[in-house]
Every structure is written in structure tokens, then in C-alpha cells.
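Enquirer: Handing you a structure now.
The values are calculated or read from the model by the stated rules, or taken from the named source; none is laboratory data. Here the structure is a predicted model, which is why all the values come from computation and not from measurement. Methodologically, a virtual Cβ is constructed for each residue, glycine included, from the backbone with ideal geometry; neighbour enumeration extends over all protein chains shown.
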């Protein structure tokens, strides 16, 4: 994959080390020189749209918000917005700008930091307005970046009005354990399946250590893996994955592997597979496995 494609699959932001490990140093240098990626902070890069969002906000006298703000904060998203999200004052006159997604809200000064909504306001906006999988991906990324789970819960408890329940649900399910939006969205789909109760990053022991899996339902002994050839395509990683999957199956685990394309663009297909697995998989006694 190209550097841009890798950046998209990582959620729109990535460290230089991540980009190099999944492409090459020379390809990353070419992407930087060509403006295909832009620097957010030391060692962290993003899609050029983050700069476009700031320019768009300046044009309409607003601030970057929602998923555009999430990217500007260095957080990963499920889908990069087609047009930059910009929030302007509710009473501001003027025709909507065709190049941006406008939100008309009177923001208090405490919710704005320079050209962008604050991290807290960005999380609330995303949780209120986005579908649950997209909102969860943003919240998981914010926690990985150090926002703090307790702070997120306190923030959610303070929200009132329309969408407050959505915000609290996202805060209650968010975790820093999810490695990327791919895993976050797969977990969000699984959380919608009745009878399925998954935890992220579970270590499985039978009694020897079999490996760490992306998601696991301990009661039904179902494992969900967010699988990508680009991530695990090296021969040594492939061999390790084969040993791990075989060990899980031999010890009675049902291993379901999902591609990035299906999780991100065909969630209903993924959900149908999970529902079928639950229908055919009774709960069993809990054995040796531990959450990381």
C-alpha cells in the first residue's frame, strides 16, 4: 500500500515510525516532500485535510470541529470527513460555504482553543452526532492519546440535552486498549449483537499462553480478530498467527477473522456473521484467560 493508503487505514493520523514500518523510509520521505502527509507535531503526521480545515474555518470565521478537530488533535477516525467540519456562531449571517460542513452553535470561549474546539468539546460533539462505531473510534483514540478514562466519564456525566445518552454510552464503552479504529469499529459492531459480550486485548491461557487476541467473549469462547495482510503479511508473523489460531481452535475457541474492508464498509455483513456465531455457540464454563 502507499503511504496515503496506510495513513487512511490507521485512521488519518500516524507516527512516522508506523508509516515507515508499513511502507518504507524512502516512500515516507517522498510522501512528505509531495505534501501527501503533513506534520501535526513532532513525529506525528496526518492527511493534508487538517490544514485545509484550519483554512476553511478562517474563511468562514469559525473553528474546526467534530472529526476534523479530532484529526487536528492527533486522534484517529473511522472515516476521514469528505469536507472539513467547521462550527460557526448560530446567528452569524452569510451563505453556507460549499467546501465545508457547517455547524451553527454558540460555543463558549472555554470550548475553543485557537482554531479548533478543545479536546473535551470535540469528544462531546463526536459522541453526540456520529454513529456509535465512529464515535467510539474517536473516543478510543483520545484515551490512547492520554485524555483519561475518568475524565471522559466525568465529561459525559456533565452533558445535558439532546444526545446526552449517546455521549454517556460512548464514554462507558471507550477504552485505550483498542489499537486502532479497525478494532474499535469491530468492537462497536459486536456490542450491538445480542448475547455477545466481548472484551478487547484478551490474553488466552490453556493453561500455557496461546496469545493475545483483539476481542474475546469468554463465556462463548469466541475470538474476533481484526485481520489485515498488510499488518501480518510477513512470513514470521504469518507463522506466528497460524500457530496461535490453531492453538485456539484446538482448545475449543471459535476464531472469526474480519478484513478491514468488511468492518469499515460492510458492517451488516459482519454483524450477520456474529449473530450466526452466537446462535450456534452456547455459553460454556469460564476457563483460563485473562484481560490485559
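Enquirer: Taking the stated definitions as given, is residue 161 surrounded by fewer than 22 Cβ atoms within 10 Å (Cβ to Cβ) and assigned to a helix (DSSP H, G or I)?
Expert: no
Enquirer: Let me ask another. Looking at 268, 206, 194, 275 in this structure, which one is surrounded by fewer than 17 Cβ atoms within 10 Å (Cβ to Cβ), out of contact with any strand residue (DSSP E or B) (no Cβ under 7 Å at 6 or more places or on another chain), within 18 Å of residue 134 (Cα to Cα) and not assigned by TED's automatic domain parsing to the domain that holds residue 142?
Expert: 268
Enquirer: Determine which single condition residue 122 fails, assuming it passes every other condition in (1) outside any helix (DSSP H, G or I); (2) in contact with a helix residue (DSSP H, G or I) (Cβ under 9 Å, 6 or more places away or on another chain); (3) in contact (Cβ under 8 Å) with a residue 40 or more places away in the chain.
Expert: Evaluating residue 122 over (1) outside any helix (DSSP H, G or I); (2) in contact with a helix residue (DSSP H, G or I) (Cβ under 9 Å, 6 or more places away or on another chain); (3) in contact (Cβ under 8 Å) with a residue 40 or more places away in the chain leaves (1) as the failure.
Enquirer: Given the conditions (1) under 20 Å from the mean Cα position of the chain (by Cα); (2) closer than 30 Å to residue 262 by Cβ; (3) crowded, with 18+ Cβ neighbours inside 10 Å, which single one is not true for residue 64?
Expert: Unmet for residue 64, out of (1) under 20 Å from the mean Cα position of the chain (by Cα); (2) closer than 30 Å to residue 262 by Cβ; (3) crowded, with 18+ Cβ neighbours inside 10 Å: (2).
Enquirer: Let me ask another. Among 171, 137, which is buried (at least 22 other Cβ atoms within 10 Å of the Cβ), in contact with a helix residue (DSSP H, G or I) (Cβ under 9 Å, 6 or more places away or on another chain) and free of Cβ contacts under 8 Å to residues at least 60 places away in the same chain?
Expert: Just a single option satisfies the conditions, and that option is 171.
Enquirer: Keeping to the stretch 12-46, report how many residues are surrounded by fewer than 22 Cβ atoms within 10 Å (Cβ to Cβ) and touching a residue at least 40 places away in the same chain (Cβ under 8 Å).
Expert: The total comes to 1.
Enquirer: Still on this structure, please answer the following. Answer yes or no: is there a residue in the stretch 87-94 that is buried (at least 18 other Cβ atoms within 10 Å of the Cβ) and more than 19 Å from residue 181 (Cβ to Cβ).
Expert: Yes, the stretch 87-94 has at least one match.
Enquirer: Looking at the stretch 220-232, is at least one residue outside any strand (DSSP E or B), at pLDDT 80 or above and either surrounded by fewer than 19 Cβ atoms within 10 Å (Cβ to Cβ) or outside the structural domain of residue 8 (by TED's automatic domain parsing) (or both)?
Expert: Within the stretch 220-232, one or more residues are outside any strand (DSSP E or B), at pLDDT 80 or above and either surrounded by fewer than 19 Cβ atoms within 10 Å (Cβ to Cβ) or outside the structural domain of residue 8 (by TED's automatic domain parsing) (or both).
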